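The values are calculated or read from the model by the stated rules, or taken from the named source; none is laboratory data. Only a predicted model underlies this, so the values are computations on that prediction, with no experimental measurement involved. Neighbour counts run over all protein chains shown; Cβ positions are idealised from the backbone, glycine included. The protein model used for the area step is the full one, side chains on, heavy atoms only, and it has no ligands, DNA or RNA in it. Shrake-Rupley method; radii C 1.70, N 1.55, O 1.52, S 1.80 Å.
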Amino acid sequence: MFQILPSHVVKAIVKHVAGSTRLEYDGVDSYSQEWLRLQVSLLWPESLEEFEPPVRRLVKEIELVVCEAEIYNGDTLEQILREKYRDLQLPLAQRIRIIFTGNGKYNDKDEINVDEAESNVSAFLQWIRQLAPKLTEIDLSAPFSTGRAYQRLDQHYGGLVKRLLQLTRHVTFSENERCMTNMLQLDGIRDLVHLRYGIYGDSEKFVQLTRRCALTLQSLDIGSPNAVDISGIVRDAEGNYAVYPHLLTLKLNLYVRWYSRQPCAFAGAVPFPNLRHISIIRIYPFDDDILFRGSAATLESLQVELSGALVGVIKQYSVFACDSHPKLRYVDYWISKFELLPRHFTDWATVAQFLLSMTSRATVIQIRGDPINIAYSPSFLLLCNYTHIQRLYLQYVVPSLWDVIALIKSLPLLSDLQTCTSHLAPLPVGVTDEKLLEHVLSNYYPMGQRFRCWHIAFYEEYNFKEIARCVLLLALVCPNFTYAAVDKYHRKEFMATMKASIESPEFIRHAPRLRCLLFSQE
């Protein structure tokens with residue numbers, strides 16, 4: 001199950017896979033659980049020999065690299081007809097990413113024949129319909145480097161984008177500057193179901209597009225490295241509030257806070273009444289709880305970076321007070337030394353109290369952040385009544401074996417734990433190294449009946465032999481613990497150390513139980 005398969009074996013498997021949820025085959029000696037992706041460059045055509053018809057029936061995602069000028073002048077279509085793409089059909093492909101390269105021109109004079117260009121665009125769109133008859137999502141991308149390359153084509157380029165968007169209601173705009181500017185000048189774009197974009201310039205055009213799609217959007221993802229005002233997605237300049245009745249997923253990834261806001265501008269508004277998934281990374285862009293209102297009964301997952309602004313809002317408005325979110329099961333906290341203000345957190349006991357105030361019903365919790373800020377003992381979690389936790393991920397935490405044991409004992413449903421490397425120090429009072437195995441077995445067996453997997457990340461200094469010893473001791477007291485997950489860069493050496501430890505005098509009599517922790521790397 002955990003072996004790396006040769007590419008010819010993967011190909012043989014792929015041909016017979018039916019009903020797979022996610023699959024990727026990239027033609028090298030590795031595989032991962034992602035949709036099979038077919039990358040096609042119409043500037044430098046590549047062979048499709050690796051993708052025989054049985055494989056093509058599994059393709060779910062297509063990436064097209066094209067020059068917009070050569071779509072207009074017909075060169076792209078000519079290459080399609082000349083190469084192996086003419087009759088290509090990927091019947092299950094649902095997503096297309098089109099990357100406009102901008103490294104060509106319409107003709108020597110760069111003068112466009114409008115009728116000819118429209119005909120070529122129509123033929124290109126017809127080929128896309130043939131290529132992916134079940135297309136549901138399109139991602140349009142134009143690299144920054146092409147930002148001013150085709151000013152003469154801009155007036156026609158918007159027409160190409162408009163027609164591409166008519167193919168689907170799920171749209172992503174990525175890596176766009178010029179491309180995005182032209183798209184958002186098209187007032188006819190509306191009623192999208194999925195919208196994802198990054199703001200690198202004027203935010204108003206993005207805000208207007210979002211508001212036009214308010215009644216139909218189910219997923220909204222906004223990112224920006226700049227200080228942008230996105231308040232318009234909630235209320236326009238005339239004071240009219242927008243409501244997103246069908247929006248289920250809201251993701252914000254804003255790196256710079258917009259400071260010129262009125263703190264009480266959105267009192268009483270409930271723009272997002274049915275959110276199930278909220279993700280707020282880096283900066284919380286408002287001064288009140290407007291993003292959380294109305295979704296207490298529906299929210300299922302929460303991913304937040306605990307900035308000072310967000311912590312203040314959550315406390316001030318008691319957003320998660322009194323176990324108010326009964327469906328919230330997945331929580332992902334990012335703790336950053338750059339974003340947290342000292343007045344909010346003075347010690348880790350305060351952190352524990354704050355996390356407890358947010359939710360105690362979560363089954364999956366991740367706590368991530370800067371190494372300098374969270375390289376602490378995970379014992380603070382013992383203060384929390386998170387008795388429902390099944391999977392717990394603690395980034396940059398380097399626990400002792402005794403910390404891990406305490407966590408497992410206090411969390412009866414825990415099945416999956418992720419930490420950094422472990423250690424044995426300090427040993428319990430009165431216990432010598434020679435008596436350690438006897439002490440662990442006599443004091444802790446059995447425990448953690450549901451515990452199965454320990455993901456171990458390697459950070460800073462580590463000792464393979466001591467980590468292996470921690471794993472083996474834990475396996476002897478947790479009957480169902482059978483998998484110590486280690487990244488591929490350290491796995492071979494770690495497994496060799498594990499094997500040697502199992503065969504050592506300390507563990508040899510328990511070898512039949514412990515050998516299940518080993519797996520081949522060949």
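Somewhere in the range 122-133, is a residue touching a Pro at 6+ places or on another chain (Cβ under 7 Å), of a type outside the set (Val, Ile, Thr), surrounded by fewer than 20 Cβ atoms within 10 Å (Cβ to Cβ) and modelled with pLDDT of 80 or more? Yes - at least one qualifying residue is present in the range 122-133. Please specify each residue of the range 298-310 satisfying the condition of being closer than 17 Å to His277 by Cβ, in a loop (DSSP other than H, G, I, E, B) and modelled with pLDDT under 85. Result: no residue meets the conditions.
Quick check on Val313: is it more than 21 Å from Arg235 (Cα to Cα), modelled with pLDDT of 80 or more and hydrophobic (A, V, I, L, M, F, W, C)? Steps first, answer last, please.
On the way: more than 21 Å from Arg235 (Cα to Cα): no; modelled with pLDDT of 80 or more: yes; hydrophobic (A, V, I, L, M, F, W, C): yes.
For Val313, the condition - more than 21 Å from Arg235 (Cα to Cα), modelled with pLDDT of 80 or more and hydrophobic (A, V, I, L, M, F, W, C) - is not met.
Scanning the range 201-224 for residues that are open to solvent by 30 Å² or more (accessible area, probe 1.4 Å) and either in a strand (DSSP E or B) or of a type in the set (A, V, I, L, M) (or both) turns up Leu215, Asp221. If a residue has to be open to solvent by 60 Å² or more (accessible area, probe 1.4 Å) and in contact with a strand residue (DSSP E or B) (Cβ under 8 Å, 6 or more places away or on another chain) to count, how many in the range 426-459 make the cut? Matching residues across the range 426-459 total 2. Look at the range 397-418: where a residue is among the hydroxyl-bearing types (Ser, Thr, Tyr) and a partner is buried (at least 21 other Cβ atoms within 10 Å of the Cβ), sitting 6+ places away or on another chain with Cβ atoms under 8 Å, you get Ser400/Ser422; Ser410/Leu381; Ser415/Phe451.
When every residue of the range 392-411 is checked against the conditions, none turns out to be at pLDDT 85 or above, in contact with a Pro (Cβ under 6 Å, 6 or more places away or on another chain) and open to solvent by 50 Å² or more (accessible area, probe 1.4 Å). Residues in the range 488-511 that are within 35 Å of the chain's Cα centre (by Cα) and open to solvent by less than 50 Å² (accessible area, probe 1.4 Å): His490, Arg491, Phe494, Met495, Thr497, Met498. For the range 360-391, filtered to residues that are open to solvent by 60 Å² or more (accessible area, probe 1.4 Å) and at pLDDT below 55, the residue that is nearest to Gln449 (Cα to Cα) is Leu382.
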